[in-house]
Amino acid sequence: MGTLVQDLRYGVRMMLKKPGFSIIAIIALALGIGANTAIFSVVNAVLLRPLPFADPDQLVIVWMDNRPMGMNEDIHSYPNFVDYRDQNKVFDKLAAYRGASLNLTTGTGEPERILGCSSTSSLFEVMRVAPAMGRAFTAEEDQPGHDKVVVISYGLWQRRFGADKNIIGQSVPLNATPRTVIGVMPPDFSFPAKDTDFWIPLAPEPELVGQRQAFWLNVIGRLKPGVKLEEARAEMGTIARRLEQQYPEANTNFGVNLVPLRDQTVGQVRPALLILLGAVAFVLLIACANVANLLLGRAAAREREFAIRVAMGAGRLRIIRQLLVESLLLAGLGAALGVMLAMWGLDALKLLMPSDMPRLDQINVDARVLAFTLGVSCLTAILFGLVPALQASRPDLNETLKEGGNKGSTRGVHSRRIRRLLVVSEVALALVLLIGAGLLLKSFSRLQKFDLGFRPDGLLTAKLQLPGKKYAEDNQIRLFYDQLFERLKNTPGVESAGAITSVFLSKTANSSYFNIEGRPAFQAGQRVETPIDAISPNYFQVMGTPLLKGRAFNEQDTEKTPLVVIINETMARRFFAGEDPLGKRITYGDPSDKDVRWREIVGVIADQRRTGFDSEVRSETFLPLAQTAPGRATLVVRAAGGADPAGLVSSVRAAVQSIDPEQPLYDIKTMNQWVSEIIAQRRLNMILLGTFAVVALLLAAVGIYGVMSYSVAQRTHEIGIRMALGAQSRDVLRMVVGQGMGLTLIGIGIGLLGAFALTRLMSSLLFGVSAVDPVTFLAVSALLSAVALLACYIPARRAMKVDPMIALRYE
């Protein structure tokens, strides 16, 4: 310990003796370690930390594999759920659930739309959680007529009911229907979404209990202890095949897909996080190479010191230990500064992260992150400190102790080779990061220019849900919309207003099978499912969506006139190729049904992206709002004169509440906010990888500059002789720049090969750009070459100014 303390003291003195060297090394390490700490904090919270449920690895989402639609994560019918629940032997419990939202008009504050879940009573058993107060609902309350109970979240209990300890047994109106509060969940429980505020019994209506072609349920299960996922997949697949044989009309080509809850929660962000973790590892390697270069240069300057130590009896391990202690000091200070940078960076990072990032609130620097940072620091110290330590621990006493004897020695040549190798590595790693960032930047640029099929600028959206008990008749719903559009039309600042049941970019609408009049009905397994949206007459005009054929809906399309439908371009091209779809009729469901209702196609509109930029455009159908009278709708309001649509929020809310004071609006956003949220993850990836790439570029430039400056200093005597013998300044410039650019070009060549292999891993993060896009590869290579040329030119200019008389007297 005494020797270690001595080494530490000497290391501190050496750091203070060369403060400029120490500061540069510490900053380089802080950037690398800080970036790794920040990204690992995210990886730790999102990917590594266990889900907040008992035995979370046993929890599995059970999806229907809808092969005809190419959707392997589709929802179930109630009869299929019952069969899976009753016939399997691999799950301890299965529970069915679906998202729900209800109007809450009691408690403190204005009327509010709260999000929750309707589920079977087995959900709480599957999740192995009990209410903090009261009880969960029972199997008896799963039945219609006994289901007027509710379990609320801890957050809702505090926010709307002031943490009233007497809340159990109270009746609260939800969608104008009284429900008795029977339980309050613990503060850390949230399922199926982080903003879930209530749970109510599923209680399916009698017609849904036996309807095998009505798909509306999510299913989650808990595996029995000792049951492997593959075993469960095999048994559930067997049941699915049996159901397919028993009910071919409903289940042909339908299978089952089991996804662990962890994968379901974080699966979409895992690839991006792992790529970012690899990127910061590259940054750290570049920082280590930079500091190793600095230490090699300092070790060369201290070669005489080490030779004297060895001559006085110091062993090789003693020298190595001293230098590694100095490296650990640098790494430790770099880590301390890096942690501070990471904590500051995490705050900024959270602001950039999409709101639906899983476990966003749990991202912090905890004990595991600090342990990771400590481990990275020690590994970093070894990485950048070991080669200089090994080099310095074997001095040539005869050469070194002679005045100037170490110039041009074999060890000096070996040291230069190592430094050049490090520079080549830095350039190669930096190029890979720069190409990755370039691909993401080009991809993001394509996204921003992509035609969504409508004009998002100037649009405000707001959702509403009319309570079924209060608006039980279709005429009441129609009257509400008529009054609302009339008020909005006369609202200052509003250019136009419309409505749709599921606005694009928010969610997929309800969908159904369809058939075409005069053609054979689609058979089981070949049916085509199409979304169905009810829209107001001027909806496409408000959205700025082109009408390609026919007409839009108008005020004459009512419940008393023939049924009509508008289809999108994709549907027209797929099912009416070579013929005019106008005047053709379609029906939803079975055309042989005695109550069949045919709808005439009156228009074709341009394709719109429903769920995002890179999702496939599906066949779409649109119905007049007046002919369907949906209780759920999304208002779309276009601001006049290019004004900010966010300024219309209070006016739109006032228009709604002037008709019904208890009707809340929710999920109020501008359409640009919808677009921004969809591309938020891509924007975050681009910003982070771009930042890391810029840091890598700067570190590589510093590395090239350092090696060339050291080379010029070492070759001052040689340069003086060359100039004395007649070499011109341009010859010296060509020699120095040529040496540096030679190393750069080797690094670029290796980096291009690495990028060609590694960028394929990020294909899922790109949009409209190939992972081996030649333009990006060439442009980034040119950029790196230009930066390297500048880093070589500065030392070369200094070499050009060498005075031969002074150089010839050099040492």
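The values are calculated or read from the model by the stated rules, or taken from the named source; none is laboratory data. Values in this document were obtained by computation on a predicted structure and should not be read as measured data. Positions of Cβ are backbone-derived with ideal geometry, glycine not excepted, and every protein chain shown enters the neighbour counts. For accessibility, only protein heavy atoms count, side chains too; no ligands or nucleic acids. Shrake-Rupley method; radii C 1.70, N 1.55, O 1.52, S 1.80 Å.
Screening GLU677, GLU616, GLU620 for residues that are of a type in the set (Asp, Glu), within 27 Å of PHE450 (Cβ to Cβ) and buried (at least 20 other Cβ atoms within 10 Å of the Cβ) leaves exactly one candidate, GLU620.
Taking ARG574 as the residue in question, decide whether it is in contact with a Phe, Trp or Tyr (Cβ under 9 Å, 6 or more places away or on another chain), charged (D, E, K, R) and open to solvent by 10 Å² or more (accessible area, probe 1.4 Å).
Details: in contact with a Phe, Trp or Tyr (Cβ under 9 Å, 6 or more places away or on another chain): no; charged (D, E, K, R): yes; open to solvent by 10 Å² or more (accessible area, probe 1.4 Å): yes.
Considered against the rule, which asks whether it is in contact with a Phe, Trp or Tyr (Cβ under 9 Å, 6 or more places away or on another chain), charged (D, E, K, R) and open to solvent by 10 Å² or more (accessible area, probe 1.4 Å), ARG574 comes out as no.
Report whether or not LEU31 is crowded, with 21+ Cβ neighbours inside 10 Å and not in a helix (DSSP H, G or I).
Spelling it out, it is not the case that LEU31 is crowded, with 21+ Cβ neighbours inside 10 Å and not in a helix (DSSP H, G or I).
Please determine whether any residue of segment 88-97 is open to solvent by 20 Å² or more (accessible area, probe 1.4 Å), touching a Ser or Thr at 6+ places or on another chain (Cβ under 8 Å), more than 27 Å from GLN362 (Cα to Cα) and in a strand (DSSP E or B). Scanning segment 88-97 turns up at least one residue that is open to solvent by 20 Å² or more (accessible area, probe 1.4 Å), touching a Ser or Thr at 6+ places or on another chain (Cβ under 8 Å), more than 27 Å from GLN362 (Cα to Cα) and in a strand (DSSP E or B).
Would you check which residues across segment 626-650 are over 28 Å from SER676 (Cβ atoms) and touching a Pro at 6+ places or on another chain (Cβ under 9 Å) and list them? ALA626, GLY631 - these are the residues of segment 626-650 that are over 28 Å from SER676 (Cβ atoms) and touching a Pro at 6+ places or on another chain (Cβ under 9 Å).
For (1) touching a residue at least 40 places away in the same chain (Cβ under 8 Å); (2) touching a Pro at 6+ places or on another chain (Cβ under 8 Å), each residue gets a yes or a no:
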site: PRO664; (1), (2): yes, yes
site: GLN681; (1), (2): yes, yes
site: ILE704; (1), (2): yes, no
site: THR716; (1), (2): yes, no
site: GLY720; (1), (2): yes, yes
site: SER729; (1), (2): yes, no
site: GLY747; (1), (2): yes, no
site: GLY751; (1), (2): yes, no
site: ALA757; (1), (2): no, no
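Take the conditions open to solvent by 60 Å² or more (accessible area, probe 1.4 Å), modelled with pLDDT under 85 and within 26 Å of ALA289 (Cα to Cα) and apply them to ARG798. Does it pass? Considered against the rule, which asks whether it is open to solvent by 60 Å² or more (accessible area, probe 1.4 Å), modelled with pLDDT under 85 and within 26 Å of ALA289 (Cα to Cα), ARG798 comes out as yes.
Against the test of being out of contact with any Pro (no Cβ under 9 Å at 6 or more places or on another chain), modelled with pLDDT under 95 and either farther than 30 Å from LYS224 by Cα or among the charged types (D, E, K, R) (or both), the options ASP188, ASP164, ASP147, ASP142 yield a single qualifying residue, ASP164.
Please count how many residues of segment 686-706 are under 15 Å from ILE24 (Cα atoms) and open to solvent by less than 10 Å² (accessible area, probe 1.4 Å). Don't jump to the end; show me each part of the working.
Let us first name the residues in segment 686-706 that are under 15 Å from ILE24 (Cα atoms), namely 695-696, 698-706.
Within this subset, residues satisfying the condition of being open to solvent by less than 10 Å² (accessible area, probe 1.4 Å) are 696, 700, 703-704.
Within segment 686-706, residues that are under 15 Å from ILE24 (Cα atoms) and open to solvent by less than 10 Å² (accessible area, probe 1.4 Å) number 4.
Just one of (1) of a type outside the set (Lys, Arg); (2) under 24 Å from PRO520 (Cβ atoms); (3) open to solvent by 70 Å² or more (accessible area, probe 1.4 Å) fails for ASN568. It is (3).
Yes/no per residue for (1) open to solvent by 20 Å² or more (accessible area, probe 1.4 Å); (2) over 32 Å from the mean Cα position of the chain (by Cα):
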{"position": "CYS117", "(1), (2)": "no, no"}
{"position": "SER121", "(1), (2)": "no, yes"}
{"position": "PRO173", "(1), (2)": "yes, yes"}
{"position": "THR177", "(1), (2)": "yes, yes"}
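Listed by first and then second residue, the pairs linking a residue in segment 617-642 that is in contact (Cβ under 8 Å) with a residue 60 or more places away in the chain and acidic (Asp, Glu) to a residue that is open to solvent by less than 10 Å² (accessible area, probe 1.4 Å) and not in a loop (DSSP other than H, G, I, E, B), with Cβ atoms under 7 Å apart and 6 or more places separating them unless they lie on different chains, are GLU620/THR530; GLU620/PRO531; GLU620/ILE567; GLU620/ASN568; GLU620/MET571.
Looking at segment 587-605, which of the residues that are of a type in the set (Val, Ile, Thr) and under 44 Å from the mean Cα position of the chain (by Cα) is farthest from LEU547 (Cα to Cα)?
Residues of segment 587-605 that are of a type in the set (Val, Ile, Thr), as a first pass: 587, 596, 601-602, 604-605.
Retained after the next criterion (residues that are under 44 Å from the mean Cα position of the chain (by Cα)): 587, 601-602, 604-605.
Details: THR587: 22, ILE601: 13, VAL602: 11, VAL604: 6, ILE605: 4 Å.
Selected residue: THR587.
The lone criterion from (1) under 20 Å from THR238 (Cα atoms); (2) small (Gly, Ala, Ser); (3) surrounded by fewer than 17 Cβ atoms within 10 Å (Cβ to Cβ) left unmet by SER77 is number (3).
Only residues that are crowded, with 19+ Cβ neighbours inside 10 Å, of a type in the set (S, T, N, Q) and not in a helix (DSSP H, G or I) were counted in segment 263-298, giving 0. For VAL42, are the conditions met, namely being buried (at least 19 other Cβ atoms within 10 Å of the Cβ), in contact (Cβ under 8 Å) with a residue 40 or more places away in the chain and closer than 13 Å to ALA342 by Cα? So VAL42 fits the description; yes. The set of residues from segment 179-215 being buried (at least 16 other Cβ atoms within 10 Å of the Cβ) and either in a strand (DSSP E or B) or among the β-branched types (Val, Ile, Thr) (or both) comprises ARG179, VAL181, ILE182, GLY183, VAL184, THR196, PHE198, TRP199, ILE200, PRO201, PHE215. Answer yes or no: is there a residue in segment 743-764 that is at pLDDT below 90 and either part of a loop (DSSP other than H, G, I, E, B) or acidic (Asp, Glu) (or both). Within segment 743-764, none of the residues are at pLDDT below 90 and either part of a loop (DSSP other than H, G, I, E, B) or acidic (Asp, Glu) (or both). Looking only at segment 430-464, residues that are part of a helix (DSSP H, G or I) and among the basic types (Lys, Arg) come to 3 in all. Out of the strands (runs of 3 or more DSSP E) lying entirely within segment 465-564, which hold 1 or more residues that are touching a residue at least 60 places away in the same chain (Cβ under 8 Å), open to solvent by less than 50 Å² (accessible area, probe 1.4 Å) and closer than 16 Å to ARG610 by Cβ? It comes to 494-500, 511-516, 529-535. Taking each residue of segment 382-398 that is buried (at least 16 other Cβ atoms within 10 Å of the Cβ) and at pLDDT below 75 and looking for partners that are part of a loop (DSSP other than H, G, I, E, B) and charged (D, E, K, R) with beta-carbon atoms closer than 9 Å, six or more apart or interchain, yields ALA392/ARG302.
Taking segment 631-656 as the range and being open to solvent by 50 Å² or more (accessible area, probe 1.4 Å) and not hydrophobic (A, V, I, L, M, F, W, C) as the test, the residues that pass are ARG632, GLY641, GLY642, ASP644, GLY647, SER650, ARG653. Every listed requirement among (1) small (Gly, Ala, Ser); (2) over 13 Å from ALA791 (Cα atoms); (3) surrounded by fewer than 16 Cβ atoms within 10 Å (Cβ to Cβ) is met by GLY738 save one, (2).
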